[in-house]
């Protein structure tokens, strides 16, 4: 098939029961639906075999998280395009066709995402990707429609096709040739921000990442690790430092990295003062693991540098989104989307 819709599942029978019918009923004639099971211990696989015998199942031997889970499964998938879809997503008619048409017409597009709407608040954007991902000069990710924890109502303000910095892992369309050429996801990330790392590496090879508003999906979010989970805090802080260390251009690299670590310290103190001790220790743990793996990360950086002709700056916000949010009170993307503020 031209398109492979690959749903990574881990103990998600309840999501498969609820959301797989929309994926099946809104499937494209050019697409095959595949469930990659990440060594589930519930009865997800038996449910699929009984209720969806025509859906191909790939059973991973271990739960390697989002990154390894997809890397392992996609070795057995042959298609021009991979659609990496979370199990907690409701799709809509023509959600595949509009993005595939866009990517077919421009071979420089490596990846693309649809508009993400909150499944439970259906007039609001969803945290994990909203209307496309961006990054600021200190490596903080944010979205059109979601600045830090402030989520906007969808009023059609982001219904334009636009190049972005990263596409959400909740629903990423990616050209298989390009995905495989950079050896897929970095498995050391396990989960969280591996999609940003993938997009950054693709952009550093000269490819584009796009947002297509004509494709709309509804995402529950937090299906595996919710926002109050301290392990998610650990992964986000550790992985963000790894992300910067691997991919940031040489100019200002060390000063940016040191600044980010200081900003992490401030965030850790904020957790401590708020009595969120598990999150405070998660930040400390994240920095410990980052220092411990620094040699490996710098080795990756050195290898990646050999493949880069020019470091990308497209869709990078040239200011601090954290300062804009907390000091200047700017809570929406339109407030910061001003002339000369983006590369």
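Can you find a residue that is surrounded by fewer than 21 Cβ atoms within 10 Å (Cβ to Cβ) and within 23 Å of residue 196 (Cα to Cα) anywhere in region 44-64?
There is at least one residue in region 44-64 that is surrounded by fewer than 21 Cβ atoms within 10 Å (Cβ to Cβ) and within 23 Å of residue 196 (Cα to Cα).
Would you point out the residue of region 248-287, among those that are in a helix (DSSP H, G or I) and touching a residue at least 60 places away in the same chain (Cβ under 8 Å), that is farthest from residue 203 (Cα to Cα)?
263
Do the conditions hold for residue 87, that is, is it modelled with pLDDT of 95 or more and under 18 Å from the mean Cα position of the chain (by Cα)?
yes
Kindly indicate whether residue 268 is surrounded by 18 or more Cβ atoms within 10 Å (Cβ to Cβ), more than 20 Å from the chain's Cα centre (by Cα) and not assigned by TED's automatic domain parsing to the domain that holds residue 130.
yes
Could you say whether any residue in region 198-210 is assigned to a loop (DSSP other than H, G, I, E, B) and touching a strand residue (DSSP E or B) at 6+ places or on another chain (Cβ under 6 Å)?
yes
Given the criterion surrounded by fewer than 23 Cβ atoms within 10 Å (Cβ to Cβ) and either in contact (Cβ under 8 Å) with a residue 12 or more places away in the chain or in the same structural domain as residue 198 (by TED's automatic domain parsing) (or both), identify the matching residue among 26, 9.
One residue alone meets the criteria, 26.
Within region 323-340, take every residue that is part of a loop (DSSP other than H, G, I, E, B) and surrounded by 13 or more Cβ atoms within 10 Å (Cβ to Cβ) and give me the one that is modelled with the lowest pLDDT.
Filtering region 323-340 for residues that are part of a loop (DSSP other than H, G, I, E, B) and surrounded by 13 or more Cβ atoms within 10 Å (Cβ to Cβ), the one modelled with the lowest pLDDT comes out as 337.
Could you tell me whether residue 240 is within 20 Å of residue 278 (Cβ to Cβ) and either part of a helix (DSSP H, G or I) or touching a strand residue (DSSP E or B) at 6+ places or on another chain (Cβ under 8 Å) (or both)?
Yes: the conditions hold for residue 240.
Give the number of residues within region 153-192 that are part of a loop (DSSP other than H, G, I, E, B) and at pLDDT 95 or above.
Adding up the residues that qualify gives 18.
Just give me the residues in region 292-322 being part of a loop (DSSP other than H, G, I, E, B) and surrounded by 12 or more Cβ atoms within 10 Å (Cβ to Cβ), in sequence order.
293, 308, 311, 312, 313, 314, 315, 319, 320, listed by residue number.
The values are calculated or read from the model by the stated rules, or taken from the named source; none is laboratory data. Because the structure is a prediction, the values reported are computed rather than measured. All Cβ positions, glycine included, derive from the backbone under ideal geometry; neighbour counts span all protein chains shown.
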